[in-house]
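The values are calculated or read from the model by the stated rules, or taken from the named source; none is laboratory data. Worth saying up front: this structure is predicted, and the values here are computed from it rather than measured. A quick note on method: Cβ atoms are made from the backbone with ideal geometry, for glycine too, and the neighbour counts reach across all protein chains shown. The accessibility values were calculated without ligands, DNA or RNA, using every heavy atom of the protein model including side chains. Shrake-Rupley method; radii C 1.70, N 1.55, O 1.52, S 1.80 Å.
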Amino acid sequence: MENPRPQPPAPTPPMAPLPVPVHPPIAPIPVPPPRAPIPAAASVASTSASAAGGGSGDEVEYEVSEDHRAARERHERAVQELLQRRRAYAMAVPTNDSAVRARLRRLGEPITLFGEREMERRDRLRALMVRLEANGQVDRLLRAQEDDQAARAGEEEEEEQIQYPFFTEGTQDLLNARVDIAQYSLPRAKARIERAKRRHEDPDEDPEAEADLVVKQAGEFVLECSEIGDDRPLTGCSFSRDASLLATSSWSGLIKVWSMPQITKVATLKGHTERATDVAFSPADNCLATASADKTAKLWKPDGSLLVSFDGHLDRLARLAFHPSGKYLGTASFDKTWRLWDINTGKELLLQEGHSRSVYGVSFHPDGSLVASCGLDAYTRVWDLRSGRLFFTLRGHVKPVLGVSFSPNGYLVATGSEDNFCRIWDLRKREMLYSIPAHKSLISHVKFEPQEGYYLATSSYDTKAAVSLTIHLFNFIAYFTTQLILYIHSIFSALVSSGLQANQKFGGPRVEGYEFGY
């Protein structure tokens with residue numbers, strides 16, 4: 001079958017011609033009217049374009065009005081002021097007022113004007129320096145600057161030659177006391193270290209058996225006696241060195257002395273006009289010292305006769321403590337200081353600052369070389385009595401520290417605070433070892449047992465006294481805490497009764513303090 005032949009395409013019809021747009025005729029350009037003649041007063045000289053090239057051409061005239069000329073002058077003045085201001089701020093102008101005065105004096109200007117302040121005087125010096133620079137008097141500025149540098153160098157040399165002391169010089173009595181404390185503390189420290197070495201090297205020493213014995217003795221603590229101490233709450237108590245007498249202080253301002261263990265009142269000490277805040281027996285004799293809110297501390301005999309009154313604090317006293325030698329007394333006060341007194345003369349030997357808030361407690365090292373002060377600034381500071389320097393600051397409590405005590409081993413310190421914690425510090429490592437959550441309320445006082453330091457007692461406002469057992473076992477310390485609720489050994493007797501009930505036992509609304517018997 002044959003293929004059909006292709007058909008030719010159909011012819012295309014022709015297109016119609018496009019219409020040509022018709023534009024309107026352009027209007028003629030208007031000719032400007034002839035310029036009016038320029039007055040001679042407002043005309044300026046004409047310049048010719050061909051004057052520079054040497055040929056002839058059309059002249060171009062410029063017209064400048066008075067307003068334009070004034071605006072141009074204002075702009076030039078503004079530019080000059082801006083440049084001067086920039087140069088002024090870039091200049092090195094002294095900031096010290098005395099240096100500014102000296103520079104003005106060297107430039108021949110008055111050092112001060114009536115009612116002129118420091119910043120205004122400095123701005124005046126800056127403007128003067130800019131004006132001198134603009135007038136081409138740079139050499140005058142350089143001479144004044146060289147004179148200032150020479151004077152400053154001379155002052156620095158004088159300051160280097162003068163060596164100011166970094167401490168406040170004390171009296172001769174304080175120097176003698178520091179020497180006496182050093183002579184007293186060094187033999188005691190030597191004997192303590194030798195005793196510790198002997199115990200460490202003795203093969204017969206059994207630390208575990210000793211720990212078991214101490215724990216057994218702590219479990220045998222019982223209430224031995226109870227007595228109403230005063231009509232008002234008691235604030236402190238202290239045993240005499242032979243434990244035959246016990247002294248108590250009260251809010252009534254009375255100090256009562258009791259015979260032990262019969263609990264018979266021996267004497268009542270009257271002399272304070274405000275509440276008594278603390279009492280302490282001397283470790284050298286049977287004299288006792290008392291602190292009061294009347295800003296004074298007093299030294300008494302057990303029979304009630306007053307020996308010395310220590311006056312000098314500016315605010316009420318909190319706690320006090322005797323130096324182990326019995327020759328000195330430390331007092332803490334709400335005037336942010338603690339002071340050291342001479343027992344024999346009654347003189348103030350040392351006024352020590354350092355706390356940012358009130359000082360509440362003070363405690364002496366068993367050797368007599370150090371003293372610790374605690375305060376409401378939440379810090380406890382350890383001072384060296386032999387040199388007067390700050391040895392260490394115990395930082396860790398978050399609320400005021402109300403009690404501090406040294407251990408007989410010489411390197412442990414216990415602190416009690418309003419944060420309900422008792423913390424143990426190591427003076428050798430200068431760090432905190434343990435933090436004991438001993439109570440549910442603030443801890444009012446802490447104290448180590450004075451013979452071996454096996455017991456650490458804490459009193460609190462939760463109506464409880466806690467005894468922690470500190471046993472040395474191969475370079476670490478094991479703490480066994482026994483809560484003694486209202487039943488403790490006679491070492492705490494006379495402390496807790498608030499006098500609210502005639503038959504009240506050891507206890508009361510809160511426990512302010514306690515004392516160990518020897």
(message) Which residues among the range 317-342 fall inside the zone where the amide N is under 13 Å from a point 7 Å beyond the Cα of ARG192, along Cα→Cβ?
(response) 324-325
(request) Compute the signed sum of charges (Lys and Arg +1, Asp and Glu -1) over the other residues within less than 13 Å, Cβ to Cβ, of ARG430. (result) +2
(request) Report the extension gain between THR171 and ALA151 in nm, rounded to one decimal, defined as 0.36 nm multiplied by the number of residues separating them, less their alpha carbon distance. (result) 3.4 nm
(message) Calculate the FRET efficiency for ARG232 and VAL179 from the Cβ-Cβ distance with a Förster distance of 45 Å, rounded to the nearest 0.05.
(response) 0.55
(message) Going by amide H atoms built from the backbone, whose H comes under 5 Å of the H on ARG241, apart from near neighbours?
(response) none
(message) Just to confirm, what accessible area per residue do you get for the range 224-351 at 1.4 Å probe, in whole Å²?
(response) 38
(request) Please work out the FRET efficiency for the pair MET119 and LYS440, using the Cβ-Cβ distance as r and a Förster radius of 60 Å; give the result to the nearest 0.05. (result) 0.55
(request) With 27 Å as the limit, write out which pairs from LYS265/LYS447; LYS197/LYS429; LYS190/LYS447; LYS399/LYS464; LYS298/LYS336; LYS301/LYS464 have Cα-Cα distances beyond it, or answer none. (result) LYS301/LYS464
(request) Please work out the FRET efficiency for the pair LEU306 and HIS200, using the Cβ-Cβ distance as r and a Förster radius of 51 Å; give the result to the nearest 0.05. (result) 0.60
(request) May I ask you to compute the full-extension gain from GLU224 to ASP139, defined as 0.36 nm times their residue separation minus their alpha-carbon distance, rounded to one decimal in nm? (result) 21.1 nm
(message) Using a 1.4 angstrom probe on the protein heavy atoms only, could you order ILE343, ILE443 from most to least accessible area?
(response) ILE343, ILE443
(request) Net charge near LEU456: determine it from the other residues with C-beta under 13 Å of the C-beta of LEU456, scoring Lys and Arg +1 and Asp and Glu -1. (result) 0
(request) Please calculate the 1.4 Å probe accessible area of ARG357, with all protein chains present, and give it to the nearest 10 Å². (result) 120
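Mind checking the range 208-286 for GluC sites (Glu not before Pro) that DSSP puts in a loop (not H, G, I, E or B) and that have at most 11 other Cβ atoms within 10 Å? Mind showing how you got there, number by number?
On the way: sites: GLU208, GLU210, GLU220, GLU224, GLU227, GLU274; in loops: GLU220, GLU224, GLU227, GLU274.
Sites meeting the loop and neighbour criteria: GLU220.
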(message) Show me, for the range 271-276, the HN-Hα J-couplings you get by feeding each phi into the Karplus relation (A = 6.51, B = -1.76, C = 1.60, θ = phi - 60°), rounded to Hz, glycine and proline as x.
(response) x, 7, 9, 10, 5, 7
(request) Within the range 109-149, report the trypsin sites (Lys or Arg not before Pro) that DSSP leaves as loop and that have at most 11 other Cβ atoms within 10 Å. (result) ARG117
(request) Just report the Cα centroid separation between the range 230-254 and the range 287-356, whole Å. (result) 17
(request) Pick out, from LEU306, TRP338, SER259, the residue whose Cα sits farthest towards the positive end of the charge dipole of the range 224-351, with +1 on the Cβ of Lys and Arg and -1 on the Cβ of Asp and Glu. (result) TRP338
(request) Convert 20 °C to kelvin, take the viscosity as 1.002 mPa s, use the Kirkwood radius over C-alpha pairs of the range 171-287 as Rh, and evaluate the Stokes-Einstein diffusion coefficient in µm²/s, rounded to a whole number. (result) 117
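Write down the Kirkwood hydrodynamic radius of the range 224-351, to one decimal in angstroms, obtained as one divided by the mean of 1/r over all alpha carbon pairs.
14.4
Let me spell out the model: positive unit charges on the Cβ of Lys and Arg, negative unit charges on the Cβ of Asp and Glu, origin at the Cα centre of the range 224-351. What dipole size does that give, in debye rounded to 20?
For the range 224-351, the charge dipole is close to 180 debye.
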